[in-house]
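Have a look at the structure below before the remarks.
The values are calculated or read from the model by the stated rules, or taken from the named source; none is laboratory data. Predicted, not measured: the structure shown is a model, and the values here were computed from it. Quick reminder, even Gly has a Cβ in these numbers, built from the backbone with ideal geometry, and neighbours come from all protein chains shown. Ligands, DNA and RNA are stripped out before the accessible areas are found, and what is left, the full protein with its side chains, is counted by its heavy atoms. Shrake-Rupley method; radii C 1.70, N 1.55, O 1.52, S 1.80 Å.
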Amino acid sequence: MDPLSDQATGQAQFQDRLLAFTRQHRAGHWTGSFSQFMRQVLPASPCRLARSSHQYIWDMLRWSGNEDQDGKPRCSLFADELFGIDDALARVADYFKAAAAGSEVGRRLLLLLGPPSGGKSTLVIRLKRGLEEYSHTDEGALYGIAGCPVRESPLHLVPHTMRSGFRDTYDVEVAGELCPHCRARLEDELAGDFLRMPVERIFVSEAGRSAIGTYAPHDPNTADIADLVGSVDLSKVADFGDEGDPRAWSWSGAVYAASRGMLEMIEILKVKREFLYLLLTLTQEKNVKVARFPLIYLDETILAHTNLAEFRKFLQESENEGLLDRMVIVQVPYTLNYREEARIYHKLILAAAPAFRSVHLDPHVLHAAAVFAVLSRLHEGEDRDNELARRVRIHAGEDVDGVHHSEALRVRNKEKAPDEGLSGVSPRFVINALSNAIIQSQRSSLSTMDLLLALKDGIESDARIEPARKRKWVDYLVLTRKEFYNRWVKEDVHKALFVSFEQEVEELLGKYLDEVEAMLDNRQVKDPITSEERRPDERFLRAVEEKIHISDSGKQSFRQEVVRKAMSAYKRGERFGLGSHAQLRDALQQYLFEQRRDVLRLVSSAKRPDDEVRAKISAVERRLVDEYGYDSHCAREALNYVTTLLAQE
């Protein structure tokens, strides 16, 4: 097909998706008086219009969620951005669920705690993007007093003496007070007629400082609390004649921008203590106090994040106990599932420049890098290499021989090492090494060994890493190669070679069945070459069965199972082939691999292979390229590497 035609089709499809998106998210702008709001807007959904910030965020999470194949809730908001931190995401969702229900949790600040590059900032960013999108839907419609610096709910206009009647009529509670700015407008501009107060639909926008505020600390010596709560606007004092007039106040503080939505506090524990007390009072009491004004009611969710180093320093100061008691702390550790970690790298690569995305990576590059990263995050005990490798596989959800399900569950739940995942190699470190390997490579292709060497160079050249830790991390690279990459690449070559020698494997299957049937029937076998009668070849049977760890005590039941399946297939008129018994197929595949090592050794041998062998080698390479994700360079490297492994065995 013509590439230009494909590109045009793709562009047209994307434009159609854009159009569908705008139709789905087209927001109805609305303006009117409070009287019109009460008649035209409120009756349709009083509960939605009286939602608190926590309820609004919880509704947004439910709106963006669905169920996965196992029936578990899955929030699409995070699905393509955050990997391997499902437990942390579930705890964050639980916080909003409990807060939305009106529990005391809603009067606590939510603090995300974890190592650098663990996903804390991305989690908050996804929440903010979700709020922005949700506010443009009918379900997420928000209304505020037009011109109000904190976009407060129009329901604050309902007089206190009428709020019990409002509750009885609409079955919702009105919480909150008019801000000083709107109270002054009501008296000076509308002569107290709150029904004429203008109301409009508002939309969440971080860039527009509407219902999303962000504060990042800077030099503590120069930090001014006005960054949070604003200050007197001297340019307006002359207009209103009094510094105490709320209309002469600069409402530019981050807490005002976040009203009705969410305030993100970056590295919160680096701010001055008075900043923290203000934020916690805001969370607990939903108001702030600034000079010249009464308490200002603000409904917003405060979501903060910090790293472990700052948190540990904060813990050491006894005067911070009261502050800690008002926080809900959710740990966001690195993932210990190497498959999920590899997805993080894949996402970062897709976001990179085209020159990086165009480089071919062999199918095990990202997984090998991820295994190394996970090894660095595990508890540093006296575990042997094979025990560490088992724990990595358990965390990835793999079945490990000799490990009971309950023990695997304890490992995954980190019962013995709750701090696992809070330190170690970050995704940024791995991506930096990957980038260096790509830059230094003379080819547009990168093998797993290229990456492992790049990681080794990155470790040894990093002045931040202690010498003892450098040695340990280099040992983890060796462990990654021996316990994971060697197995993966051998399996690939096994499978590719298996297809190339498919006829031979079929013959092996027939031989195995003949020998097993004779063994079970306790009869002689006629040798196809000499035509002599002989006993069944027990050595051959065990050589095959041992490839899949069938014990001597379990061989009889395994053989009986194979024969039963073969007889069942025969009765149904079906052929018992290689796909009929997965375990036996794998055993025969590995047995053949052992028998055909000589073919692989010819890959790197100085001896010139004959045409038949060369054709089989080429077929293995093609299959690695066509079916297993290699390119020609990486396929040749894999064959050479496996040949070297075989020579060492």
Next on the checklist: Going through the cross-link list Lys347/Lys482; Lys313/Lys472; Lys272/Lys347, which pairs have a Cα-Cα distance over 29 Å in this structure?
Outcome noted: Lys272/Lys347
Checklist entry - If you plug each phi of region 543-554 into the Karplus form 6.51 cos²θ - 1.76 cosθ + 1.60 with θ = phi - 60°, what whole-Hz ³J(HN,Hα) values come out, in order, with x for Gly and Pro? => result 4, 6, 5, 5, 5, 10, 6, 7, 6, 5, 6, x
Item to check | Per-residue ³J(HN,Hα) for region 126-143, Karplus 6.51 cos²θ - 1.76 cosθ + 1.60, θ = phi - 60°, Hz, x for Gly and Pro | outcome: 5, 4, 5, 5, x, 5, 4, 5, 4, 5, 8, 9, 5, 5, x, 4, 10, 10
Checklist entry - If you bin the C-alpha pair distances of region 332-400 every 5 Å from 0, what whole percents do you get? => result 3, 16, 24, 22, 15, 10, 7, 3, 1
Checklist outcome for this item: With +1 at each Lys and Arg Cβ and -1 at each Asp and Glu Cβ, the charge dipole magnitude of the chain around its Cα centre, to the nearest 20 debye, comes out at 200 debye
Checklist outcome for this item: One finds, for Ile439 and Lys416 with R0 = 45 angstrom and r their Cβ-Cβ distance, a FRET efficiency to the nearest 0.05 of 0.65
Item to check | Sequence-distant residues sharing a close amide H with Ile202 (under 5 Å, placed H) | outcome: Leu142, Tyr143, Gly144
Item to check | Whole-percent pair-distance distribution, where bins are 20 Å wide, for the alpha carbons of the chain | outcome: 14, 36, 28, 15, 5, 0
Item to check | In Hz, Karplus ³J(HN,Hα) per residue of region 89-104 (6.51, -1.76, 1.60; θ = phi - 60°; x = Gly, Pro) | outcome: 5, 5, 5, 5, 4, 5, 4, 5, 5, 5, 5, 5, 6, x, 6, 5
Checklist outcome for this item: Between the residues Phe540, Asn522, Leu497, the Cα farthest towards the positive end of the dipole of region 471-563, that dipole coming from +1 and -1 charges on the beta-carbon of Lys, Arg, Asp and Glu, is from Leu497
Checklist outcome for this item: The equivalent-ellipsoid semi-axes of region 487-566, taken as the square roots of five times the Cα gyration tensor eigenvalues and listed largest first in whole Å, are 25, 17, 11
Checklist entry - Using the Cα atoms as the points, what is the convex hull volume per residue of region 187-341 in Å³? => result 175 Å³
Checklist entry - Hey, any idea what % of the chain's accessible area is carbon plus sulfur with a 1.4 Å probe? => result 48 percent
Next on the checklist: Can you find, among Gly554, Val359, Ala141, the residue sitting farthest towards the positive end of the charge dipole of the chain, where Lys and Arg contribute +1 and Asp and Glu -1 at Cβ?
Outcome noted: Gly554
Item to check | Counted charge near Leu127, where neighbours are those whose Cβ lies closer than 12 Å (Asp, Glu -1; Lys, Arg +1) | outcome: -1
Checklist outcome for this item: Relative contact order of the chain (C-alpha contacts under 8 Å, at least 6 apart) in percent is 12 percent
Checklist entry - For the chain, what is the accessible area per residue in Å² when the probe is 1.4 Å? => result 51 Å²
Checklist entry - With the dipole of region 168-296 worked out from charges on the C-beta (+1 for Lys and Arg, -1 for Asp and Glu) around the Cα centre, which of Leu295, Ser231, Leu269 lies farthest toward the positive end? => result Leu269
